[in-house]
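Step one of this worksheet: look at the structure below.
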Amino acid sequence: MVTIMQKCSFSRATCHIKLSNFYKALEDAKEARLRGEQSVNLALIGGDAAVNLSKMEDACSFYTMGLKVDPTNTSVIDRLQMLQEMILPDYDLEGGCDSDQGYSAVTLFNQEPYPGDDELISKEKQTILAKFCLEDTEPWKENVEDAEKQRASNIAMGAHEFMVDNKLEDALKEYTLAVKADPGNSILRRLRAEVLYILDDKYAALRELWAVPTEKKSLDVWKFGGQILYEINMPLHAEVWLKTATKMTGNQDDAAKVLFQKARTHRLYSAMSKDFPINIDFGEHGRSIFATKEIKTGNEVFTDLPMVMGKMLDKETYGQDICDNCATSLMTPRDYFGGRFESLADDVKSLVEEYWPNISITTCDKCKVTKYCSAECQEDAWKSHHEVLCPARCEAARKLHDISENFGHGKNEHGETVELWDARISPMLLARIWAGIVTAAKEMMKDAGVDKPTTEHWLKAKSPYKRFLAFGVDSPSKKYKVVYNLIRDIFTDCGDDIQYNITESEFNGRFFQAECNFHVFSAPVTPYHRFKDRISKLEGDDRVKSNLQKLKAEPNVAPLCGIFPLLHCMNHSCYQNVEVCGADLEGYGGVRVRAISNFKAGDELYVSYVDPAIPRKLRRAWLFRNYNFWCRCTRCEFEGDGPEECTECKKAAVGEKFPACGQCHRAWYCSVSCQKVAWKRGHKKICQAIVTKDKQNCQSNGTT
Ligand SMILES: C[S@@+](CC[C@H](N)C(=O)[O-])C[C@H]1O[C@@H](n2cnc3c(N)ncnc32)[C@H](O)[C@@H]1O
């Protein structure tokens, strides 16, 4: 019987490769190998599929397996030679990037359950039982006579022949007979499920797999069942089945791990993205955002509100006030005009006083420092974080607030004023993560009528932050010791006799989460803009018009940083295709993501984590240092590092350096022919983008 199974995966892999369906072909080839098959044909199929997917390590391992089976096979030898030629220049190109070899996003994600999953799983089970009539198949029965087993096996052989001839209905009939003859055979169940699946009856396929008792389910059954459960939108069970499959292979099966993460991504993000033309899926860079339909340049793709936010520690704009709850700008005429305000001509001044929007700024009653745009915002902020972080509540909170206001400066343990925090994000953003956790736990505690949050309350309160990837190399709790101690002290007493012990490792983890996932944004519409809008409508008034000329300068808008529930899934490309703009979303500061390219369904959305104008080498090193990946985007592919190497063929310059592309000056070629090849392959696209951007920058800088 095992032979039939192998044949099936193998023949499926052959079909997939013929149809250029390389991902599936590779999966099937891996499956066949996992079940013990070793053959030259399998090596060629798996290896070729992997090459087409640029998965060089996989290709190498398949071809090497082929060589072990038949060391004289010329097809295998040729393929290995070809692979070497492909890999070596690649490694050279990636000089200094050795540690990235074998990067696989799935290793960054675990399969730990979320708090409350048990309850959700049992609810989902009820839906499955009610909806899919799981008992509607041949009941499982094991004590079958040997003769019947043999008969079933013979029927299955015939069914397999029908499969090979693509006579699926006939194959189904035969497998149904085989299952009837030997209903306690999980392989037959699996094969019948497969035909049903191909015939697009996923529910019936699931029934067949569900009928196999837990202890009899093979890796293949768990995996295939997990895939079906994911496809019919039962993500929690999909996770359970795929987790079991992963365990059975000692965490070696990448296909099961990827499917698990796809199921998890679906359950965590599908509700959030449903109102937008996007889908969050698990791709080669982990969770990623894809367009679900055509989107034209300039159109809005989605909007997002921050889960937590803080100010960027940017000296130029820091003085500007924003509402600490909704991020609305509280810019007053004095903020805008600065010292000039008092000396403005009387008519300008009166114009400003008359038309500048009247914001009723309120200040926290306790600390008298933190500002809000309304009493409602003051109340919301108190409930969500300020009750714990109010500078008036404790010495540690006041000191943390002061460090943030002083751009990271404060007193060290010896009483000297030094820079205690040099990260770009405010330490308040970090503190707000714990404030959010504590507030949520307290709420659950109160709802449950107990006087301390239970472990489950804490786990649930933390779970919204579990999804953020964290990466970092040093130890922030040591580097920012004073800030760490202050934050730890604040939460040692969270009020209501509740303590939260922030360990160094939690501090470091949250710091890295914030650094890896924050996005900069700002309130796009300030009181200044509303003021300008108002006076622009006062047509025909000469006094107004002439005075307007004096108000030309756009204000610097205070940049904020936030961690966003959807936006954090957006991956990086130096050739970004969306832009992220600050937005006023029904009174709250958030972001609006706009297309800057045309999208078709399935295209991935990218933003740039780094200014693409900086040289390629620097960008890539920076991304590696901060985000743990070497960028391989289109722009990095068609831009070079300098005239010492041909950007296209990678030849090193001996003596005279290579000339640069005359337009963008970001690529260097050893010959006209290399330049032509590169132009056609993709340099044209990025060259035009670089030149256009440079022109725009020159115009906005007033240079030529
Ligand atoms: C803000 S997160 C983006 C969402 C991420 N994919 C996830 O699943 O959470 C940043 C992380 O995504 C991954 N990433 C983003 N862009 C990438 C790229 N171009 N190549 C490889 N990994 C990338 C890196 O692991 C990086 O640290």
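The values are calculated or read from the model by the stated rules, or taken from the named source; none is laboratory data. Please read these numbers as outputs of a predicted model, since none were measured by experiment. Here Cβ is always computed from backbone atoms with ideal geometry, including for glycine, and neighbour counts include all displayed protein chains.
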Here are some conditions: (1) more than 31 Å from the chain's Cα centre (by Cα); (2) at pLDDT below 80; (3) outside any loop (DSSP other than H, G, I, E, B). Residue 36 meets all but one. Which one does it not meet? (3)
Those residues that are more than 22 Å from residue 568 (Cα to Cα) and modelled with pLDDT of 90 or more, I need them from the range 601-634; list them, please. none
Which one is nearest to residue 328 (Cα to Cα), of the residues in the range 363-380 that are assigned to a loop (DSSP other than H, G, I, E, B) and of a type in the set (S, T, N, Q)? 374
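So that you can scan it fast, the table gives a plain yes or no per residue for (1) crowded, with 20+ Cβ neighbours inside 10 Å; (2) at pLDDT below 95; (3) on the phi > 0 side of the Ramachandran plot:
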position: 434; (1), (2), (3): yes, no, no
position: 459; (1), (2), (3): no, yes, no
position: 462; (1), (2), (3): no, yes, no
position: 477; (1), (2), (3): yes, no, no
position: 486; (1), (2), (3): yes, no, no
position: 495; (1), (2), (3): no, yes, yes
position: 507; (1), (2), (3): yes, no, no
position: 523; (1), (2), (3): yes, yes, no
position: 526; (1), (2), (3): yes, yes, no
Answer yes or no: is there a residue in the range 290-309 that is out of contact with any helix residue (DSSP H, G or I) (no Cβ under 6 Å at 6 or more places or on another chain) and part of a helix (DSSP H, G or I). no
Among the residues of the range 273-295, are any farther than 26 Å from residue 29 by Cβ, hydroxyl-bearing (Ser, Thr, Tyr) and under 16 Å from the mean Cα position of the chain (by Cα)? yes
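Every residue, every condition in (1) closer than 30 Å to residue 267 by Cα; (2) without any contact (Cβ under 8 Å) to a residue 12 or more places away in the chain; (3) more than 11 Å from the ligand (Cβ to nearest atom), yes or no:
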site: 566; (1), (2), (3): yes, no, no
site: 570; (1), (2), (3): yes, no, no
site: 578; (1), (2), (3): yes, no, yes
site: 588; (1), (2), (3): yes, no, yes
site: 607; (1), (2), (3): yes, no, no
site: 614; (1), (2), (3): no, yes, yes
site: 640; (1), (2), (3): no, no, yes
site: 648; (1), (2), (3): no, no, yes
Of (1) in a loop (DSSP other than H, G, I, E, B); (2) surrounded by 20 or more Cβ atoms within 10 Å (Cβ to Cβ); (3) polar (S, T, N, Q), residue 358 satisfies every one except (2)
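Which residues, taken from the range 199-221, are of a type in the set (Gly, Ala, Ser) and touching a residue at least 60 places away in the same chain (Cβ under 8 Å)?
204, 211
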Any chance residue 260 is away from the ligand (no atom under 13 Å from the Cβ), of a type in the set (Phe, Trp, Tyr), surrounded by 15 or more Cβ atoms within 10 Å (Cβ to Cβ) and closer than 23 Å to residue 124 by Cβ: yes
Quick one: in the range 616-638, which of the residues that are among the basic types (Lys, Arg) and either part of a loop (DSSP other than H, G, I, E, B) or within 30 Å of residue 673 (Cα to Cα) (or both) is nearest to the ligand (Cβ to nearest atom)? 632
Check off (1) more than 10 Å from the ligand (Cβ to nearest atom); (2) among the small types (Gly, Ala, Ser); (3) under 18 Å from residue 235 (Cβ atoms); (4) in contact (Cβ under 8 Å) with a residue 12 or more places away in the chain for residue 271 and give me the number that stays unchecked. (4)
Do we have residue 247 as assigned to a helix (DSSP H, G or I) and surrounded by fewer than 22 Cβ atoms within 10 Å (Cβ to Cβ) here? yes
Does residue 411 satisfy the criteria of being in contact with a Gly (Cβ under 7 Å, 6 or more places away or on another chain), under 30 Å from residue 486 (Cα atoms) and among the basic types (Lys, Arg)? no
Tell me which of these residue 536 doesn't satisfy, since it passes every other one: (1) at pLDDT below 90; (2) surrounded by 17 or more Cβ atoms within 10 Å (Cβ to Cβ). (2)
In this structure, is residue 224 more than 41 Å from the chain's Cα centre (by Cα) and either of a type in the set (Phe, Trp, Tyr) or farther than 29 Å from residue 267 by Cβ (or both)? no
Taking the options 601, 583, name whichever one is outside the structural domain of residue 469 (by TED's automatic domain parsing), over 28 Å from residue 431 (Cα atoms) and touching a residue at least 24 places away in the same chain (Cβ under 8 Å). 601
For the range 465-499, how many residues are among the acidic types (Asp, Glu) and in a helix (DSSP H, G or I)? 1
Looking at (1) at pLDDT 95 or above; (2) loosely packed, with under 13 Cβ neighbours inside 10 Å; (3) charged (D, E, K, R), which one does residue 340 not meet, given that it meets all the others? (1)
